[in-house]
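Below you'll find the structure, written out as structure tokens, and then a few comments.
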């Protein structure tokens with residue numbers, strides 16, 4: 001795992017999601033107002049929530065694919081069945 005400490009107490013300015021291209025652009029700025037765009041490719045699933053006015057960042061981290069375990073996947077996808085039920089969908093999420 002790599003942590004990008006320069007964004008601690010910085011700001012999440014926005015997200016742009018291209019579902020067909022499986023690309024997510026994350027717009028960030030540091031406390032000193034230095035702007036950066038993180039481009040994430042090959043995104044299969046994204047869970048983002050808890051946004052509030054200011055969108056202050058606590059931590060930004062990335063993991064290499066070989067670092068991710070099945071427990072990590074289960075932990076970050078456990079909300080999908082409940083969301084499908086809430087939306088009245090009978091289909092599972094397929095990416």
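Read-outs throughout are calculated quantities, based only on the coordinates presented, and are distinct from any laboratory measurement. Just so you know, these numbers come straight off a predicted model, no measurement behind them. Cβ coordinates were reconstructed from backbone atoms using ideal geometry, including for glycine residues, and neighbour counts include every protein chain displayed.
Distance between the 7 Å Cα→Cβ label points at residue 73 and residue 61: 2.0 nm.
By how many nm would the segment from residue 25 to residue 9 grow when fully extended, if each residue of separation counts as 0.36 nm and the alpha-carbon distance is taken off? Write down the numbers at each step before the final one.
Numbers: separation 16, 0.36 × 16 = 5.76 nm, distance 1.96 nm.
Using 0.36 nm per residue and subtracting the Cα-Cα distance, I get 3.8 nm.
Note on residue 1 and residue 52: the extension gain reaches 15.7 nm, defined as 0.36 nm multiplied by sequence separation minus the Cα-Cα distance.
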